[in-house]
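Please treat every number below as a calculation from the coordinates, not as lab data. None of these values were measured; they are calculated from a predicted model. All Cβ positions, even for glycine, are placed from backbone atoms using ideal geometry, and neighbour counts span all protein chains on display.
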Amino acid sequence: MSDFKYEIVERIAVLSEKGNWTKELNIVSWNGRPGKYDLRDWNHEEGKMRKGITITEEELENLREVLNAIEI
């Protein structure tokens, strides 16, 4: 597995917390590329992350439309 680098460019929101883990929406730059919206679990104390999703601004706008259409 090759090494990769990331930088949290902007922390937008912590959606939930469980122990040392937080589910966060951030803008993250992967391997020096422009930042994208990223939703995943983080354990900042141990420098760990879990699988998540990374989406473009256009995909985020589409997701917003879908979520706004859902009645809860």
Practice problem: Return the sequence-ordered ³J(HN,Hα) values of segment 16-22 in whole Hz as given by the Karplus equation 6.51 cos²θ - 1.76 cosθ + 1.60 applied to θ = phi - 60°, using x for Gly and Pro. | Solution: 7, 9, 8, x, 7, 9, 10
Quiz item: Say R0 is 30 Å: what FRET efficiency, to the nearest 0.05, do Glu59 and Glu17 get from their beta-carbon distance?
Solution: 0.70
Quiz item: Between the helical axis of 57-69 and the dominant principal axis of the chain, each derived from Cα atoms, what acute angle in degrees is found, rounded to the nearest 10?
Solution: 40
Quiz item: Glu71 versus Lys48, label points 7 Å from Cα toward the beta carbon: distance in nm?
Solution: 4.2
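Sorted by mean Cβ packing within 10 Å, highest first, what order do the peptides 51-57, 14-20 take? Mind showing how you got there, number by number?
On the way: 51-57: 11.9, 14-20: 9.6.
Highest to lowest by the protection proxy: 51-57, 14-20.
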Quiz item: Over the Cα atoms of the chain, Rg to Rh with Kirkwood Rh, two decimal places?
Solution: 1.01
Practice problem: Would you look at the GNM of the chain, springs on alpha carbons closer than 10 Å, and say which of Arg50, Arg11, Arg40 moves the most? | Solution: Arg50
